[in-house]
1. Any residue in region 105-117 that is outside any loop (DSSP other than H, G, I, E, B), under 12 Å from the mean Cα position of the chain (by Cα) and more than 14 Å from Ile11 (Cβ to Cβ)?
2. Anything in region 78-95 that is under 22 Å from Ser111 (Cα atoms) and either out of contact with any strand residue (DSSP E or B) (no Cβ under 8 Å at 6 or more places or on another chain) or surrounded by fewer than 19 Cβ atoms within 10 Å (Cβ to Cβ) (or both)? List them, or say none.
3. Report, by residue number, each residue of region 12-24 that is in contact with a helix residue (DSSP H, G or I) (Cβ under 9 Å, 6 or more places away or on another chain) and under 17 Å from Arg51 (Cα atoms).
4. If I go through region 38-48 residue by residue, how many of them are within 12 Å of Asn63 (Cα to Cα) and out of contact with any helix residue (DSSP H, G or I) (no Cβ under 7 Å at 6 or more places or on another chain)?
5. Within region 1-17, can you find the residues that are buried (at least 16 other Cβ atoms within 10 Å of the Cβ) and at pLDDT 90 or above?
Amino acid sequence: MNLRPNPSLLIVEDDLKLRKTIELEFQDRGYEVHSASCLRDLYTISLESLRFAVVDLRIGVDNGLTAVEYIKSKFPLCRIVMITGYGSIATAVAAMKLGASNYLTKPFDISTLEQHLWIDQVGIEEVNAHIQRESLDHHEREYIEHVLVKCEGNISRAAKWLNIHRQSLQRKLKKYPPRA
C-alpha cells in the first residue's frame, strides 16, 4: 500500500514489544519511522515534517489524547490513528475531535493499521461500527488486572489503589472466570 516514497511515521506507544514490531514492519514497507514511549520523549523529537502518527490511548501514565493534540498543533496535516486496548465510543469521539483520522482497537494487524493511515477520515458511525462493544464487567476486569500488574499482584495495595476494601476486591476477582 506504500504509494509514496519514504513517508514519515511517528509511533507513540509505551509497550516496547509492540512499538518495535510496528517500527520494523513499517521500516520494511519503506517508511521513515520515529518513536516515543511517553509524552516527554514525544516533546523532545525534532521533526521538520510528519505525514503519519500512530498513538496509543494509554502511554504508561500519560494520556494519548494529549499526544494527538500536540502532534496536530505541530503538524496539522498529519494523519493520526489512535490505537487502544480499551476502546470506547467516548474515547473515539474525543480522539477524532482532537484530530485523529481513525481509531483502532487492539489487537490489529499491520496491514489494517497501514490502511487506516491512508484512507480518508471516516464518520463517527463507521468508527462506532468497528469498536467492539464489551460489558462493564469486562472493562472492570481489565482495569482491575491493570492495577494488579502495577501493584505486582499485591491484593492489599491494589485494593488501596482502587479505593475499595480488600475483601471487596477478592469478591470481584472470584466472580470473573479465569482466562485461558
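1. Looking for residues that are outside any loop (DSSP other than H, G, I, E, B), under 12 Å from the mean Cα position of the chain (by Cα) and more than 14 Å from Ile11 (Cβ to Cβ), one finds at least one in region 105-117, hence yes.
2. Gly85, Tyr86, listed by residue number.
3. The answer is Val12, Ile22.
4. Here the count works out to 2.
5. Ser8, Leu9, Leu10, Ile11, Val12, Glu13, Asp14, Asp15
The values are calculated or read from the model by the stated rules, or taken from the named source; none is laboratory data. The shown structure was predicted, so the numbers you read here are calculated from the model rather than taken from an experiment. FYI the Cβ positions are ideal-geometry reconstructions off the backbone, even for glycines, and counts take in every protein chain you see.
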